[in-house]
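The values are calculated or read from the model by the stated rules, or taken from the named source; none is laboratory data. On a predicted model such as this, the values are computed, not experimentally measured, just so you know. When we count neighbours, we look across all protein chains shown, and the Cβ atoms used for this are built from the backbone with ideal geometry, even at glycine. Surface accessibility is based on the protein's heavy atoms, side chains included, excluding ligands, DNA and RNA. Shrake-Rupley method; radii C 1.70, N 1.55, O 1.52, S 1.80 Å.
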Amino acid sequence: MRRFGKWLGRILLAAFCAALVIGLWKGEEIKRLMAVNSLFEPDRIVRNFSTMDAAFLHVPVGNTQTPPSALPAGPKMTLPDGTAAWLAARKVTSLVVLSNGQLVHESYHLGTKPEDRRISWSLAKSYISALTGIVLAQGSIASLDDPVTRYAPRLKGGAYDGATVRNVLNMATGISFDEDYTDYDADINRMGRVLALGGLMDDFAAGLTETFTTPGSDWQYVSIDTHVLGMVIRGATGRSLVDLMGAHIITPLGLESTPFYLTDGAGVAFALGGLNMMTRDYARFGQMMAQHGRWNEQQIVPKDWVIASTTASAPTGPDEYGYGYQWWMPHDARPREYMGRGIYGQYLYINEERGVVIALTAADGEFRNADVQRQNIALFREIADRVQGDANGKR
C-alpha cells in the first residue's frame with residue numbers, strides 16, 4: 001500500500017508538472033481565447049474595445065514621433081434635440097464632429113477617454129481600400145480585373161480561384177461565408193478563434209472551398225474578402241500591410257498617438273477589422289477623404305480613387321445599402337455622402353457637400369437592427385445640416 005502511495009504521488013506530481021509546463025507554454029493562447037469568448041459580454045465590451053492590445057497579438061503602425069497634424073478648434077456646435085437619449089441608447093463611447101476640418105464637437109462617454117485607442121472593426125476595411133488605390137496608382141497592381149491568384153497564388157484551387165481584385169473590393173466574390181456573430185460555429189467566429197490562438201489567416205482564407213454564385217454576379221458582405229485583398233496587396237508589393245499603411249497613410253496623416261493592428265501568429269495584420277486608434281485620428285482620415293485624398297498640401301490617396309471607391313458600384317439589391325470599394329452609401333444617399341462602418345456601431349460618416357465628418361465609436365448590441373441604422377444616418381444628417389446652418393450664421 002505504501003509503495004502504491006509513492007507511485008500515485010509520483011504520478012500526480014508528474015501530472016501537475018506537465019499541466020504547469022503546458023500552462024506556461026500555452027498560457028498566452030489560452031488567455032487570448034478566453035478574451036475572444038468574452039469580448040462582447042455586456043459588462044466588458046466597453047473596456048474591451050479600448051484595450052484590445054492587452055489581450056491580442058498586435059504591432060504598432062506608422063511613425064507618430066513628430067508633432068501631430070493640426071485639428072483646429074471651430075465654433076462649438078449645439079447637437080440636435082434628442083441626441084443625449086440617442087447617445088445612451090446606442091451605447092456611444094465617443095463622438096467627434098468636424099466642419100470643414102475644424103473640430104466643432106468632441107465628447108466621450110461610458111468611462112472612455114480621448115486617448116483611448118478604440119477598435120475599428122470593419123471600419124478598417126475602408127483604410128485597406130485607400131491603400132489599394134495607392135498601390136494601384138504606383139503600378140504594383142496592374143488592373144482591378146486581374147485575378148486575385150495573380151498576386152496571391154496560394155488561393156489557387158480554393159473558393160477564390162476565379163475572383164478578381166475588383167470582385168474582392170466590391171464583396172462580390174460569391175464566397176460562402178457565415179458572418180453571424182451570435183453563432184459560435186459561424187465562419188466569422190471560427191476565424192476569430194484562429195486569430196486568438198495565433199493561427200494563420202492566410203491558411204484560413206486558402207482553406208475556404210465553397211461558393212454560392214459566380215464572381216461578380218451578386219453582392220454579399222463577406223469580411224474575409226478584405227483579408228484576401230490584403231493578401232493581394234502584400235503579394236503585389238512584397239511588403240507587409242503594417243509597413244505600407246504606416247508609410248503611405250498613417251505617418252503622412254500625422255496622428256496624435258501610434259495606432260496598432262491586431263495580428264495573427266505570423267504578424268500579418270488583421271486587415272478586415274484590427275486597426276485601433278484615437279477617435280480624433282479616425283476623424284483625420286475621414287477629413288483627408290472628404291478633401292479627395294489631400295492632407296497638409298500632400299496628395300495621400302489619388303483623387304480619382306477616392307471618388308471611385310466611395311461611389312456605389314457593387315451589385316447590391318434594391319433594398320440594400322449601396323457599396324463601393326469597401327465603403328458604404330445610404331439607401332437614399334445624398335451627393336458625395338458615404339461612410340465606413342464596423343460592428344457594434346463604429347462609424348466614419350462623410351458628407352462632402354456639407355463639409356462634415358463624423359467619427360463615432362460605440363458598443364451597441366443592436367447594430368444590425370435596420371431601424372437603428374436608419375436612425376443613426378438620420379441623426380448624422382441632422383448634425384450635418386445643423387453644422388452647415390451654424391457655419392452660415394443660422395443657429
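Summarising the amide proton neighbourhood of Thr164: residues at separation of 5 or more, or on other chains, whose placed amide H is nearer than 5 Å comprise Val148.
With all pairs of different C-alpha atoms in the average, the Kirkwood value for the hydrodynamic radius of region 193-243 is 12.7 Å. With R₀ fixed at 56 Å, the C-beta to C-beta distance from Asp161 to Ala85 puts the FRET efficiency at about 0.65.
The apolar share of the surface of the chain, taken as the fraction of accessible area on carbon and sulfur atoms (1.4 Å probe, ligands and nucleic acids excluded), comes to 54 percent. Solvent-accessible surface of region 123-240, averaged per residue with a 1.4 angstrom probe and all protein chains in place: 35 square angstrom. Annotation for region 221-272 versus region 99-117: alpha-carbon center distance of 25 Å.
Between region 294-342 and region 178-205, the alpha-carbon centres lie 27 Å apart.
What is the chain's relative contact order, in percent, from Cα pairs under 8 angstrom and six or more apart in sequence? Spell out each step's value before the answer.
Numbers: 746 pairs, mean separation 90.8, N = 395.
Relative contact order for the chain comes out at 23 percent.
Note on Thr182 and Arg334: the extension gain reaches 51.4 nm, defined as 0.36 nm multiplied by sequence separation minus the Cα-Cα distance. Within region 133-172, what residues put their amide N at less than 15 Å from the label point 7 Å along the Cα-to-Cβ vector of Glu320? Once the point is set 7 Å along Cα→Cβ of Glu320, 167-172 turn out to lie under 15 Å by backbone N, inside region 133-172. Relative to the longest principal axis of the Cα atoms of the chain, helix 279-290 runs at roughly 50 degrees. Computed over the chain, the Cα gyration tensor eigenvalues convert (square root of 5λ each) into semi-axes of 38, 27, 20 Å, ordered from largest to smallest. Largest first, the three principal axis extents of the alpha carbons in region 87-205 are 49, 39, 25 Å in whole numbers.
Surface analysis of region 243-395 yields an accessible area of 34 Å² per residue, using protein heavy atoms and a 1.4 Å probe. The angle between the Cα long axis of helix 224-237 and the longest principal axis of the Cα atoms of the chain comes to about 90 degrees, rounded to the nearest 10. Among the listed pairs Lys91/Lys303; Lys76/Lys125; Lys76/Lys113; Lys91/Lys113, those with a Cα-Cα distance over 25 Å are Lys91/Lys303; Lys76/Lys125. With R₀ set to 45 Å, the beta-carbon distance separating Tyr221 from Ser107 gives a calculated FRET efficiency near 0.90. In summary, the aspartates and glutamates within cross-link reach of Lys156, defined as a Cα separation below 18 angstrom excluding same-chain residues under 8 places away, comprise Asp145, Asp146, Asp202, Asp203, Glu210, Asp225.
Could you list the residues of region 348-379 with an amide nitrogen less than 19 Å from a label point located 7 Å from the Cα of Asp43 in the Cα-to-C-beta direction? Only 363-365 pass the distance filter. One equal scatterer on each Cα of region 251-317, no solvent, Debye formula: the resulting log10 I(q)/I(0) at q = 0.14, 0.18, 0.19 Å⁻¹ is -0.57, -0.85, -0.91. Rounded to the nearest 10 degrees, the angle from helix 124-138 to the longest Cα principal axis of the chain is 70 degrees.
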